[in-house]
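The values are calculated or read from the model by the stated rules, or taken from the named source; none is laboratory data. All values reported here derive from a predicted model rather than from experimental measurement. FYI the Cβ positions are ideal-geometry reconstructions off the backbone, even for glycines, and counts take in every protein chain you see. Keep in mind that these areas ignore ligands, DNA and RNA; they rest on the heavy atoms of the full protein, side chains included. Shrake-Rupley method; radii C 1.70, N 1.55, O 1.52, S 1.80 Å.
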Amino acid sequence: MSIVHKIQTCVVASLQSLYGQNFSEKDFQINQTKPEFEGDYTVVIFSLVKPLKKSPDVLGQELGTVLTTQHGDLFTGFNFIKGFLNLSIADSYWLDLLQHHHNDICFGKQAMNGQKVMIEYSSPNTNKPLHLGHLRNNFLGWSVAEILKANGYEVFKSCIVNDRGIHICKSMIAWQLFANGATPESTGIKGDHLVGDYYVKFNDEYKKQVATLVANGMSEADAEKNAPIMLQTQQMLLDWESGNPEVMTLWKTMNGWVYEGFDVTYKAIGSDFDKTYYESNTYLLGKDIVQQGLSKNVFQKKPDGSVWIDLTPDGLDEKLVLRKDGTSVYITQDIGLAQLKHDEFGIDQSIYVIGDEQNYHMKVLKLIAQKLGLPYADHIYHLSYGMVELPTGKMKSREGTVVDADDLVQEMIDTARRHTEELGKVKDFNPEELNTLFHTIGLGAMKFYLLRVDPKKKMIFNPEESIDFHGFTGPFIQYTHARIKSILRKEPLTSFDNSTELFLPLEKQVLYTLEQFPAAIADAAKELNPSVLANYLFHLAKQFNSFYTEHSIGNAETSNKKQLRLQMANMTAHVLKSGMQMLGIAVPERM
RNA sequence: GGUUCGGUAGCUCAGCUGGAUAGAGCAUCAGCCUUCUAAGCUGAGGGUCAUUGGUUCGAAUCCAAUCCGAAUCACCA
């Protein structure tokens, strides 16, 4: 039980015995006491003044007296200032915490709760390589999965690959027209980048053709529809759908190149999936659900044969769910896939990590599922995250302002190498150990940078200022861990009699924060927000560092004190490692 | 125009289920390596929490209005 929870319980009990009234934990607030006051935790008693019809001063004094007499083992003293009841917690409480958890690698994690959650993330298109926005998505999805696991959920990570459609055909047409049979092997270009290059070439050529047509007197709208390369692409999509062998072969070949490229990137950034869905397999799903919807009168068929749902009563618009030619649209496929996930995995919750530009779409998806009375409708949750923008605004592939994922990863690793070499602390590492270290630090800096911000908010990335390795960063926490490990290699942990130890303020600060780790994990899960953990871990590392510079561990005043501090250091290292792991970040033993 | 989200230090962000003098990091300035890793620590300067009004013992936090910014409102995915 957390200290805050314990205090709440004691206060409720004391109020009951004092005034004979029942209160719940929500009727008053417990805060950490501000450093300028005496005490550890504070009960804010203003909210109790009215129901008890007592003056704040009387209430505070009475409650403080009862708490310290009835729970003397937990509270050693109190003071009352202007409505704030500051309580001092017995040192034995923290000694106990240390004793039980200093070597507990599972500290803060919950037992399995029997709930199954699917989390869909990454979801790339196979016509271009991954960029910075995908990185935020991948890190978020992976981290939220880990956080939920730590809270006792069984988690399935899934990915839907958008591997078909007009945008894929654009790359294919451009490759046919301009590539002269170029392959990743023949050019030495990573497969996803090669295909992406032809996607760009398509757009260049398309723009050129439109300009030519307009110059010859055609209206811009007509030119956009009639540019030869666009007509070719549309024909290719029809050929693909009819299974034209030549088109299918090209499609498989080029997608194969892309997947090889993605594999390299995913491996580098540490993303993986338990289940991968391909849109080419799922795009026909959902049509039978539309039929059900028609018979339930949830959907309406228009004279031209197209099928719609009217969402105007819910403040939204009319939405098409089936084209007049009977083919399905985006939303139809998503309903089908939601059904498939539910059938295959029997999940209790389905989380979609998708950018906030799709808030409307996801709202519609859930609403349609609810109107159809589908059993999983209420389990759909859109984990919406903000775009990563540049100081100049949105990233635009056409203007070449996209920050490529592979480039950024490489840049981070190079920067980690540069810093490490300048500091020269690991000169005895062999080349393989060095590469692992550079990767750990570089990726750590990047992941922490993208995860430390509230997912809901859009964030700004300035490519001119490289991602920092000092301060509120991944390497700062990694460094704190490595430093502790260095001590633990030299000083063995042994058992000791700690019953008489008292804590110094800086020691107590670290223990306070360690105690809050379980709450941080729970909060992060509740809000599906890794930044809660990132902030917590930074706070812990910072407090440990303050303690570390002020007090020696190896040369502590007494041997018991030394053991006590070693336990604190050990527990801090475990928490940092465990918490960083939930962010997808490894911590090195040395750096 | 409708809907949704956002506006906190020079910059990037915490804090938002109302609580004591609004916090970090970066950047700037001043200190700290002959004992455990200085990717660290200590300190200083830097704020009209977009604006106005309301709710109350108390508002960055809740409510309303206004201003500014973004996303979205496709027979694209």
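When only DSSP loop residues count, what trypsin sites (Lys or Arg not before Pro) in the range A:252-305 have their Cβ near at most 12 other Cβ atoms within 10 Å?
A:Lys296
Averaging over every viewing direction, what projected area does the convex hull of the Cα atoms of the range A:496-546 cover, in nm²?
4.3
Give the angle, between 0 and 90 degrees and rounded to the nearest 10, that separates the Cα long axis of helix A:245-269 from the longest principal axis of the Cα atoms of chain A.
20
Take the alpha-carbon centre of the range A:540-581, take the same for the range A:313-388, and report the distance between them in whole Å.
First find each Cα centre; the distance between them is then 48 Å.
Quick check on chain A: helices-only [θ] at 222 nm, where DSSP H runs of length 4 and up contribute -39,500 (n - 2.57) each and the sum goes over total residues. Nearest 500, please.
Here the helix-only value at 222 nm equals -17500 deg cm²/dmol.
Taking the Cα atoms of chain A, what is the range of coordinates along each of the three principal axes, in descending order and whole Å?
89, 66, 43
Can you tell me the 0 to 90 degree angle between the C-alpha axis of helix A:56-70 and the longest principal axis of chain A, rounded to 10?
Taking Cα atoms only, the helix is inclined about 80 degrees.
Roughly how many percent of the accessible protein surface of the range A:65-221 is carbon and sulfur, given a 1.4 Å probe and a whole-percent answer?
The computed percentage sits at 53.
Can you give me the % of accessible surface on the range A:412-582 that is carbon or sulfur? Probe 1.4 Å, all protein chains present, nothing else counted.
On the range A:412-582, the fraction of accessible area on carbon and sulfur atoms equals 51 percent.
Quote the charge dipole size of the range A:165-270 about the Cα centre in Debye, to the nearest 20; the model charges only the Cβ of Lys and Arg (+1) and of Asp and Glu (-1).
140
Give a quick list of chymotrypsin sites (Phe, Trp or Tyr not before Pro) in the range A:226-302 that DSSP marks as loop, anything other than H, G, I, E or B, with at most 15 other Cβ atoms within 10 Å.
Nothing satisfies the criteria.
So for each of A:220-229, A:336-345, A:452-461 I average, over its residues, the number of other beta carbons within 10 Å; can you give me the resulting order with the highest mean first?
Highest mean packing first, the order is A:336-345, A:452-461, A:220-229.
DSSP loop (so not H, G, I, E, B), at most 14 other Cβ within 10 Å: list which trypsin sites (Lys or Arg not before Pro) in the range A:1-90 pass both filters.
Filter output for the range A:1-90: A:Lys53, A:Lys82.
If we sort A:7-17, A:423-433 on the protection proxy, mean other Cβ atoms within 10 Å, highest first, what's the order?
Top of the packing list down: A:7-17, A:423-433.
Any chance you could check the Cα centroid distance between the range A:258-299 and the range A:139-162 for me, in angstrom?
The distance from the Cα centre of the range A:258-299 to that of the range A:139-162 comes to 16 Å.
Positive end of the charge dipole of the range A:304-416 (Lys, Arg +1 and Asp, Glu -1 on Cβ, about the Cα centre): tell me which of A:Pro375, A:Ile309, A:Val403 has its Cα farthest that way.
Value: A:Ile309.
What is the packing order of peptides A:207-213, A:440-446, A:350-356, taking the mean over residues of other C-beta atoms within 10 Å and listing the highest first?
Result, highest mean first: A:440-446, A:350-356, A:207-213.
Round to the nearest 0.05 the FRET efficiency obtained for A:Leu506 and A:Asp343 when R0 = 56 Å and r is the Cβ-Cβ distance.
Taking R0 as 56 Å, the efficiency between A:Leu506 and A:Asp343 is 0.50.
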